[in-house]
Amino acid sequence: MATRRTAASEKTHLDQDEIRAEPKSNITPAVPSSVIFKLLAFTAAMIVLPIGSYFATVNTVFKGNATWAGATAAIMANVVLIGYVIVAFNDDKSEREADEAEKKKSR
């Protein structure tokens, strides 16, 4: 009968896992928190601004004309979207400028 015997000094695969020191995991987010806050702010604006402008203008400005109030809401949604794109481009531009300055500094 063939049996497998392990010596006391040998380690099994399970024992070797305990010996290996696991490196500390990096739990920092891949995206900076300022970017996340901007995204949340523009998300809230995308919800509140068009709906608020619709209900604010449907009876006061346009005297019950839902078509014009809906057009106003669509315009406000586009304003928020364009604002987000501008902020995102400026943020990316400042990051690129900081990277270029760091490269020049390291030379």
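Computed from the coordinates by the stated procedures, all read-outs in this text should not be read as laboratory data. The structure displayed is predicted, hence computed values, not measured ones. Here the Cβ positions follow ideal geometry from the backbone for every residue, glycine too, while neighbour counts run over all protein chains shown.
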How high is the relative contact order of the stretch 31-106, in percent, counting Cα pairs under 8 Å that sit 6 or more residues apart?
-> 27 percent
For the stretch 31-106, with the dipole built from +1 on Lys and Arg beta-carbon atoms and -1 on Asp and Glu ones, taken about the Cα centre, which of Leu39, Ala98, Ala69 lies farthest toward the positive end?
-> Ala69
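Kindly state, to the nearest 0.05, the FRET efficiency for Lys104 paired with Lys38, given R0 = 41 Å and r defined as their beta-carbon distance.
Approximately 0.90, to the nearest 0.05.
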Two-site FRET efficiency, Ile47 against Phe89, from Cβ-Cβ distance with R₀ of 25 Å, rounded to 0.05 | 0.65
Just order 34-40, 50-56 by mean Cβ neighbour count inside 10 Å, highest at the front, would you?
-> 50-56, 34-40
